[in-house]
Amino acid sequence: MSLTTDEVKKIAHLARLNLTEHDLAIYPPQLSNILQFIEQMNSVDTTNISPLSHSLDATQRLRADQVTEPDFRDK
């Protein structure tokens, strides 16, 4: 998928980004390359692959869910 400068302007407007003319010359090919890579990744058959929650199979330490501060909502 190849993006045009007008499409990049529209995306920048939706994302509330202020792009310069220099940026508008650089971004279309870069964003197009990203979209092509995503299309390439989507074409890979992952039918027998189970999803991973973490690439290193690590778990995150969680703290106890306890109230630590008083309720100041009424103030």
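Pop out the carbon and sulfur fraction of the accessible area of the chain as a percent, whole number, probe 1.4 Å.
Roughly 53 percent, rounded to a whole number.
Relative contact order for the chain using alpha-carbon pairs under 8 Å, separation at least 6, rounded to a whole percent? Don't skip to the end; give the middle numbers.
Values: 21 pairs, mean separation 22.4, N = 75.
Dividing the mean separation by the residue count of the chain yields 30 percent.
With the other protein chains left in place, how much accessible area per residue, in square angstrom, belongs to region 29-75 at a 1.4 angstrom probe?
I get 114 Å² per residue for this part.
Using only Cα atoms, tell me the angle between helix 5-14 and the longest principal axis of the chain; keep it within 0 to 90° and round to the nearest 10.
The answer is roughly 20 degrees.
Quick check: convex hull over the Cα atoms of the chain, volume per residue in Å³, rounded to an integer?
Hull volume normalised by residue count: 249 Å³.
The values are calculated or read from the model by the stated rules, or taken from the named source; none is laboratory data. As the structure is a computational prediction, the values presented were derived from the model and not from experiment. To get the accessible areas, we keep the full protein, side chains included, count just its heavy atoms, and leave off ligands, DNA and RNA. Shrake-Rupley method; radii C 1.70, N 1.55, O 1.52, S 1.80 Å.
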